[in-house]
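Inspection log for the structure reproduced underneath, given as structure tokens.
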Amino acid sequence: MPDQPNEPLALLESQGLDLARQVDEQLQQIASNSPNRPLYREMILTILRMAHDDFDRWNAKITLQAIRELEKTFRVLEQFKGQRKVTVFGSARTPVEHPLYALARQVGATLAKSDFMVITGGGAGIMAAAHEGAGLEHSLGFNITLPFEQRANPTINGTANLLAFHFFFTRKLFFIKEADALVMCPGGFGTLDEVLEVLTLMQTGKTPLVPVVLLDMPGGTFWQSALDFIRNQLEAHQYILPNDLKLMRLVHTAEEAVAEINQFYSNFHSSRWLTKDFVIRMKRPVSISALQHIQQTFADICLSGSYVQQGYEGFEHEDPKFSHLTCLSFAFSGRNQGRLRELIDFINLPQNWAEVDKGPGPVLSESVTR
């Protein structure tokens, strides 16, 4: 729903232009069965309000370009829906003979073997290496239109797996939206910008937690130096919480990077807010003793009540495709995402899973009070 009343729209309708009714009639014809009709209605009415105000041509051009990029990208990516994806960031200026190029190529190949698609900016250097290793079938490129360094790499150039963006902000939206994990290789301003934005979005809860893997060569100091700076300056001066460092992991081989990603999803499936409760979807329930441990150890991020583990059928308005999952719900404070990552790590440990194949099985509608 819009944040402000539709005063301009009401003014137009008072002049005899029944715009809302016309919008509803058109949507009834083209999206009669869509649950998204109310959202489309608000989009159209928002544009009509902009047209009524008609403040600035530049504002209108930015809005048009952004909507076009979003719509085109949504349409293209629909064909890859359901495929797991990992975004790989790194310098476009890494030469082919550099050890980092070989490492990025190995990361791409290892991700493809685990059936991940590899998303990059589609350019040269680390991006080209990751796509080279993954191959076209497992590659997606989100290229940016620039006066330099914008040419797509040979793996994806001229293919349907390449999308071009005018705006950095729409491009970065899809880097994160489509990613089940992110692998960060050494790079310049652009790479650092992308890494810090990802961490900021996760730290503030504006995007769901996914694995953030910092990858460097064995003995490399790029990310270690960055982590030292974060600890000595940001953490030491209390600009960040100590647990914010849990949002990323430093590794030095392709195998370690992919193992970190696969471990994150060993039991954890996904998460979402459902009214005031935060829900973690799991592939299998945790044991009663593990649930008791969660209640005691992670009480600091639960505002009230208890952690409740139950089957999917206990939740209303959920997608049927998640019906096989178990849900862990609680009143999350939303403040310490690093502690949430520690909770996810805990439910991913096999020793904390319920023995679903023995005896009568776990009680799914179990809660533990303080």
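The numbers here are math on the coordinates, done by the rules we state, and not lab data. These numbers come from a predicted model, not from an experiment. Quick reminder, even Gly has a Cβ in these numbers, built from the backbone with ideal geometry, and neighbours come from all protein chains shown.
The value of relative contact order for segment 82-264, using C-alpha pairs under 8 Å at least six residues apart, is 22 percent. Exposure proxy ranking for Cys185, Cys327, based on other Cβ atoms within 10 angstrom of each Cβ and starting from the fewest, stands as Cys327, Cys185. Amide H contacts under 5 Å for Ser271: Arg281, restricted to partners 5 or more places along the chain or on a different chain, H placed in the peptide plane at 1.01 Å from N.
A full extension of the chain between Ile30 and Ser270 corresponds to an added length of 83.2 nm, given 0.36 nm per residue minus the alpha carbon distance. Of the GluC sites (Glu not before Pro) found in segment 128-186, the ones in coil according to DSSP and having at most 16 other Cβ atoms within 10 Å of their Cβ are Glu149.
Taking a ≥ b ≥ c as the square roots of the eigenvalues of the Cα gyration tensor, an a/c ratio of 1.5 or more together with a/b no larger than b/c marks the chain as oblate. Let me know the shape class of segment 173-276, please: from the alpha-carbon gyration tensor, a ≥ b ≥ c as square roots of the eigenvalues, rounded when a/c is under 1.5, otherwise prolate if a/b is greater than b/c, or oblate. Since a/c reaches 1.5 but b/c is at least a/b, the shape of segment 173-276 is classed as oblate. May I ask for log10 I(q)/I(0) of segment 82-264 at q = 0.10 Å⁻¹, from a Debye sum over the Cα atoms as equal point scatterers with solvent left out? Debye output, listed in q order: -0.35. The reciprocal of the average 1/r between distinct C-alpha atoms defines the Kirkwood hydrodynamic radius, which for segment 108-196 equals 13.0 Å. Projecting the Cα atoms of Ala104, Val183, Phe330 onto the charge dipole of the chain (Cβ charges, centred on the Cα centre) puts Ala104 farthest toward the positive pole. Relative to the current alpha-carbon distance between Ala259 and Phe346, full extension at 0.36 nm per residue lengthens the span by 29.7 nm. Over the chain, what is the relative contact order in percent, taking alpha-carbon pairs closer than 8 angstrom and at least six residues apart? Worked out over the chain, it gives 12 percent. Modelled this way, with points 7 Å down the Cα-to-C-beta line, the labels at Gln238 and Ala51 are 5.4 nm from one another. In this structure, Glu97 and Ala160 have a Cβ-Cβ separation that, at R0 = 25 Å, corresponds to a calculated FRET efficiency of about 0.20.
FRET efficiency for the pair Asp18 and Lys81, taken as 1/(1 + (r/R0)^6) with r the Cβ-Cβ distance and R0 = 51 Å, rounds to 0.85. Which residues does a label at Glu355 reach in segment 286-314, if reach means a backbone N under 18 Å from a point 7 Å past the Cα toward the Cβ? In segment 286-314, the label zone of Glu355 (backbone N under 18 Å from the point 7 Å along Cα→Cβ) covers 286-292. Extension gain for the segment Ser289 to Asp228, taken as residue separation times 0.36 nm less the Cα-Cα distance, is 18.3 nm to one decimal.
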